[in-house]
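As structure tokens, the structure follows; a few thoughts come after it.
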Amino acid sequence: MNKVAFVTVASLLSQRKVQLQSAGDSRQIYYKLKSREEHIGDALKNEYDVIIVGGGATGAGVSLACANRGLKSIVLEAQDFASGASSKSTKLVHGGVRYMQQVFQLQEKNRMEKWDLVAEALRERSNFLTMCSYLTQDFPTLIPCKNLFDLGYYYFGSLIYHCVYLYYQTGGHTFKPPRIVGKDEIQQHFKFAKCNYGVIYYDGQFNDARMVQEVLATSSLKGQNMVNYVEIKKLIKNEQNKIIGVEAYDQIAQKQFQIKGKCVVNATGGWADNLRLMDDPTVSKRIVSVAGSHLTMPQKYGSRHWGYLIPKTNDGRVLYMVPWLGNMIMGTTERKLDNAIHDPTVSHEEYMWLLKSFCDEFDVDASEVARDVKSKWSGVRPLVYSSNALTTKEVSRTHEIEVSKSGLISVMGGKWTIFRLMGEQTVDKVQQLIGNNQQRIENLPKLVGDWTQFDHRKEIQVMMTMFDLPQSYAAYFLTTYGDRAYDVLKLIYEKPENKESLHPQFPHTVGEILYQIRYEQARKPEDILFRRTRLGFLDQNAIFTVYEKVFQIMAKELKWSDKFQKQFLKENFEYIRKLEF
Ligand SMILES: Cc1cc2nc3c(=O)[nH]c(=O)nc-3n(C[C@H](O)[C@H](O)[C@H](O)COP(=O)(O)OP(=O)(O)OC[C@H]3O[C@@H](n4cnc5c(N)ncnc54)[C@H](O)[C@@H]3O)c2cc1C
């Protein structure tokens with residue numbers, strides 16, 4: 001990043017704009033997003049059609065659907081956006097091959113439900129990748145096979161999965177059919193693999209917490225509001241017991257305030273019962289909180305491009321190994337919790353089970369593997385009891401939308417892959433409730449950083465030349481921000497000190513952090529370390545190196561007083577220390 005003179009950046013970007021226009025490309029180069037303070041300012045004076053409680057995948061999906069139907073909405077998130085399950089997923093955009101398998105199992109009672117679940121998710125899988133090509137990719141997954149029976153079984157299973165996708169196909173993204181692979185090809189990708197053959201099938205993959213940012217940025221540019229660190233404390237009702245607003249607490253300004261709205265959507269994931277009980281203390285609980293843990297391993301244990309699925313571990317569960325941002329993540333476990341918690345710790349049993357399952361499958365040295373673990377993390381799946389479940393054990397993986405007598409719309413369960421559909425279906429209910437009949441937009445909305453025929457390779461070349469960036473850096477900015485990368489780079493090149501690197505092994509600089517504070521509402525170091533960048537998930541040691549630097553950038557930008565800084569460090573140090581292992 002040396003040759004570009006700071007003064008010339010604006011003119012370079014203007015030249016790029018002219019270049020695009022003369023090529024008939026009408027996309028923007030600058031996207032002026034609102035600051036957190038501007039969103040709060042709007043919230044205090046607006047009256048909304050929809051107040052969305054919860055800023056994870058589900059809340060973001062509802063916000064996008066509101067934007068596309070001309071409804072005015074605000075997302076209120078008690079912690080940071082995507083700080084719940086939505087930053088801790090396996091990062092798969094998938095139909096769920098294991099549910100496909102269950103459709104054909106003799107003992108399976110809910111065959112049709114499982115079929116619908118797969119069909120719906122496969123349809124949305126294509127939509128997901130079409131909406132946001134820069135943050136997603138399709139990726140081959142290997143199912144290792146021990147014998148020819150397994151090979152036939154998994155090949156035909158994957159073929160049916162592919163046929164279901166072809167039958168229900170929507171969106172512009174196409175996936176390749178499954179194929180059989182032999183030892184040589186497997187060894188090229190997984191040098192420690194023991195299997196001789198296997199089946200490759202295709203699914204999608206993405207960067208979950210960044211996806212929330214991209215969806216919210218898209219909604220924001222379409223006039224919607226969103227604020228993090230605002231918790232809903234109370235639902236406000238009129239004399240007819242209908243909800244007309246919420247009482248909220250802004251943790252940053254430490255102020256309570258009211259927001260008026262025609263209806264409230266409860267998109268609080270694992271916390272959905274809290275709001276349902278706030279609305280009506282007599283309702284029965286619907287959410288089952290199940291924690292799932294992952295480990296991050298260096299890439300040498302996996303492949304740069306292929307995923308690996310162990311279809312049956314020693315206790316019958318499936319285990320994924322997924323290449324992600326230059327590393328490999330492995331998960332997940334299932335551990336029932338009494339209540340949803342924000343950052344559940346990875347239990348010793350889960351940690352050992354993950355390591356053991358990995359070491360059983362690959363030809364590796366167990367103690368070396370244990371030393372090489374780079375990060376561990378856990379999130380809570382918000383599963384919903386099926387309304388027709390006979391016992392509490394029959395927990396469905398589908399989603400459900402419930403409308404209470406007072407008008408609280410709770411959207412529960414589901415998965416990341418279908419966030420768009422859940423948003424659309426929730427807004428159908430909103431419209432019935434508030435008497436609005438704006439039709440759904442049939443064309444898929446592209447997210448802010450995307451555009452038709454996004455040519456990644458060409459764009460990376462342009463960025464490398466314009467900013468004298470190494471290829472890996474240009475690729476990082478483009479696959480993280482899409483077209484917004486130019487806004488981020490503009491800020492990085494605005495002042496010499498903005499180019500200062502945070503960590504020698506990562507592409508993050510002071511300017512990028514400033515962008516995340518100003519336009520993505522980062523308000524605590526962990527917002528930057530875990531969700532705006534994904535450092536904490538990739539390398540827990542790296543966050544100890546950069547925490548102080550990030551803290552100082554935030555303190556300066558947000559004008560934190562000395563007293564506030566001391567208090568903040570006292571309150572938050574414990575949080576970071578907990579992650580040390
Ligand atoms: C381990 C694991 C792996 C997964 N893997 C995949 C996968 O590979 N692919 C896939 O498609 N899906 C996957 N999922 C599922 C997916 O991650 C979730 O379905 C999805 O993220 C849920 O999003 P959500 O917005 O409903 O919940 P959350 O992301 O948990 O968001 C709910 C938000 O509500 C906020 N909130 C709660 N109470 C209040 C209040 N009173 N006021 C304001 N805000 C409040 C919380 O702070 C939270 O941020 C996985 C889930 C887990 C846990």
| request: Go through region 201-219 and count every residue that is more than 16 Å from the chain's Cα centre (by Cα) and surrounded by fewer than 22 Cβ atoms within 10 Å (Cβ to Cβ). | output: 1
| message | Would you confirm whether or not region 95-112 contains a residue that is over 26 Å from A522 (Cα atoms), within 15 Å of the ligand (Cβ to nearest atom) and assigned to a loop (DSSP other than H, G, I, E, B)? | response | yes
| message | Anything in region 353-381 that is among the aliphatic types (A, V, I, L, M) and closer than 11 Å to S293 by Cβ? List them, or say none. | response | L354, V380
| request: Restricting attention to region 63-78, report how many residues are within 14 Å of the ligand (Cβ to nearest atom), under 20 Å from I236 (Cβ atoms) and hydrophobic (A, V, I, L, M, F, W, C). | output: 4
| said: I'm trying to understand the selection: among the residues of region 291-325, which are within 12 Å of the ligand (Cβ to nearest atom), in contact with a Leu (Cβ under 6 Å, 6 or more places away or on another chain) and hydroxyl-bearing (S, T, Y)? | reply: Y320
| request: Select the strands (runs of 3 or more DSSP E) contained entirely in region 299-369, then report the ones holding at least 2 residues which are at pLDDT 95 or above. | output: 307-310, 319-324, 327-331
| request: Check whether at least one residue in region 252-261 is at positive phi and of a type outside the set (S, T, N, Q), and report yes or no. | output: no
| remark: Being buried (at least 19 other Cβ atoms within 10 Å of the Cβ) and more than 16 Å from the chain's Cα centre (by Cα) narrows L122, L64, L44, L148 down to just L122
| query | Would it be correct to say that E239 is more than 16 Å from the ligand (Cβ to nearest atom), farther than 29 Å from L447 by Cα and without any contact (Cβ under 8 Å) to a residue 40 or more places away in the chain? | reply | yes
| said: Could you go through region 505-513 and let me know if any residue there is over 20 Å from M211 (Cα atoms) and surrounded by fewer than 14 Cβ atoms within 10 Å (Cβ to Cβ). | reply: yes
| field | Those helices (runs of 4 or more DSSP H) lying entirely in region 429-507 with at least 1 residues free of Cβ contacts under 8 Å to residues at least 12 places away in the same chain | value | 456-467, 471-481
| task | Scan region 283-342 for residues that are more than 23 Å from F530 (Cα to Cα), touching a helix residue (DSSP H, G or I) at 6+ places or on another chain (Cβ under 7 Å) and basic (K, R) and report the count. | result | 2
| query | So, of the residues in region 266-293 that are buried (at least 23 other Cβ atoms within 10 Å of the Cβ) and among the small types (G, A, S), which turns out to be modelled with the lowest pLDDT? | reply | A291
| task | Identify the single condition in (1) of a type outside the set (D, E); (2) surrounded by 15 or more Cβ atoms within 10 Å (Cβ to Cβ); (3) farther than 14 Å from G54 by Cα that Q240 does not satisfy, given that it satisfies every other one. | result | (2)
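Rundown of residues vs (1) touching a strand residue (DSSP E or B) at 6+ places or on another chain (Cβ under 6 Å); (2) within 16 Å of L135 (Cα to Cα); (3) at pLDDT below 90, yes/no style:
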residue: R440; (1), (2), (3): no, no, yes
residue: L447; (1), (2), (3): no, yes, no
residue: D450; (1), (2), (3): no, yes, yes
residue: D455; (1), (2), (3): no, yes, yes
residue: M463; (1), (2), (3): no, no, yes
residue: D468; (1), (2), (3): no, no, yes
residue: A474; (1), (2), (3): no, yes, no
residue: T480; (1), (2), (3): no, yes, no
residue: L491; (1), (2), (3): no, no, no
| task | Answer yes if at least one residue in region 220-241 is of a type outside the set (K, R), modelled with pLDDT of 95 or more, in contact with a strand residue (DSSP E or B) (Cβ under 6 Å, 6 or more places away or on another chain) and part of a loop (DSSP other than H, G, I, E, B), and no otherwise. | result | yes
| query | Could you give every pair whose Cβ atoms fall below 6 Å, whose first residue belongs to region 271-289 and is in a loop (DSSP other than H, G, I, E, B), and whose second residue is among the charged types (D, E, K, R), counting only separations of at least 6 or pairs across chains? | reply | V283/R276; K285/D273
| query | Does any residue in region 333-359 that is over 20 Å from G536 (Cβ atoms) come within less than 6 Å, Cβ to Cβ, of a residue that is part of a loop (DSSP other than H, G, I, E, B) and away from the ligand (no atom under 11 Å from the Cβ) six or more places away or on a different chain, and which pairs are these? | reply | S357/T313
| task | Scan region 262-278 for residues that are of a type in the set (A, V, I, L, M) and more than 10 Å from the ligand (Cβ to nearest atom) and jot them down. | result | V264, V265, L277
| said: If I ask for residues that are away from the ligand (no atom under 14 Å from the Cβ) and not in a strand (DSSP E or B), which ones from region 39-62 would you list? | reply: H39, I40, G41, D42, L44, K45, N46
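The values are calculated or read from the model by the stated rules, or taken from the named source; none is laboratory data. Everything numeric in this text was worked out from a predicted model, so none of it was measured. With ideal geometry, Cβ positions are generated from the backbone for all residues, glycine too; neighbour counts draw on all protein chains shown.
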